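Notes follow once the structure below has been shown.
The values are calculated or read from the model by the stated rules, or taken from the named source; none is laboratory data. Here the structure is a predicted model, which is why all the values come from computation and not from measurement. Cβ: placed from backbone, ideal geometry, glycine included. Neighbour counts: every protein chain shown.
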Amino acid sequence: MFKLKIKNLILLSSLILFLNSGCVKTTKSSEKNLEEVSSEKLKVNANDISQLKYTEFALSNLSEKSTEDWLKFQELQEEIEILKKGDLSFFKNEKAILQSFFKDLKVEIPKSLNINSILVRLSVLETTMFKLEGTSKINNVKKELLLNAIKEVLVAYSNVILQMNKKFEKDSQNIQKPN
């Protein structure tokens, strides 16, 4: 009878271990699925970005003509279009790459656009891009925070374009001063 109790106890222990290991596997797989679902919810896509409310300006003909040889600005335009698609790869690079990009952008600025009002807007854009770069590298960042940082970049970029357009609009006005 003692042997039967030990045998039953061993059998019962084995059964408990077997059931417990099954639960652990199920729990681990459930946790993995939850992480994947929450990770998907955190990802920003083109639809999320298109829902952002801000005023977007396009380059005027004069502004476009003045920036056609400004290669870093052309690259900036491409990166903004990529950002609008939800691709943050440009902002996940090292900070030094972004710093170098803006240094070159400001050095290569055409003389006609090298004025304080445009340089200030470029500095604001630079600051917002660094903020997005930092925000995008945070693990488990809230989607709203990331979208807000993206919106700030898009608004700053749009303000650069607006300022360029205003500059050429003002230059094209033929205002005569009284004698």
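Here are the numbers for the structure shown:
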item: Single residue of region 136-179 satisfying the filter (among the basic types (K, R) and within 22 Å of E64 (Cβ to Cβ)) that is modelled with the lowest pLDDT; result: K170
item: Boolean, E78 is over 25 Å from Q173 (Cα atoms) and of a type in the set (D, E); result: yes
item: From the options E169, E126, E144, residue that is closer than 14 Å to F57 by Cβ, out of contact with any Lys or Arg (no Cβ under 8 Å at 6 or more places or on another chain) and among the acidic types (D, E); result: E169
item: Single residue of T127, T135 found to be among the hydroxyl-bearing types (S, T, Y), touching a Leu at 6+ places or on another chain (Cβ under 8 Å) and without any contact (Cβ under 8 Å) to a residue 60 or more places away in the chain; result: T135
item: Filtered residues of region 54-92 (kept if outside any helix (DSSP H, G or I) and without any contact (Cβ under 8 Å) to a residue 24 or more places away in the chain); result: E68, D87
item: Filtered residues of region 53-76 (kept if surrounded by 15 or more Cβ atoms within 10 Å (Cβ to Cβ) and not small (G, A, S)); result: F57, L59, L62, T67, W70, K72, F73, L76
item: One residue from E133, E144, E126 being assigned by TED's automatic domain parsing to the domain that holds E78, surrounded by fewer than 16 Cβ atoms within 10 Å (Cβ to Cβ), acidic (D, E) and out of contact with any Asp or Glu (no Cβ under 6 Å at 6 or more places or on another chain); result: E144
item: Output for region 118-177, where each listed residue is more than 14 Å from the chain's Cα centre (by Cα) and of a type in the set (A, V, I, L, M); result: I118, L119, V120, L122, V124, V160, I161, L162, M164, I175
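Let's see how each residue does on (1) at pLDDT below 65; (2) under 20 Å from the mean Cα position of the chain (by Cα):
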| residue | (1), (2) |
| --- | --- |
| F2 | yes, no |
| K7 | yes, no |
| S13 | yes, no |
| G22 | yes, no |
| L52 | no, yes |
| S63 | no, no |
| S66 | no, no |
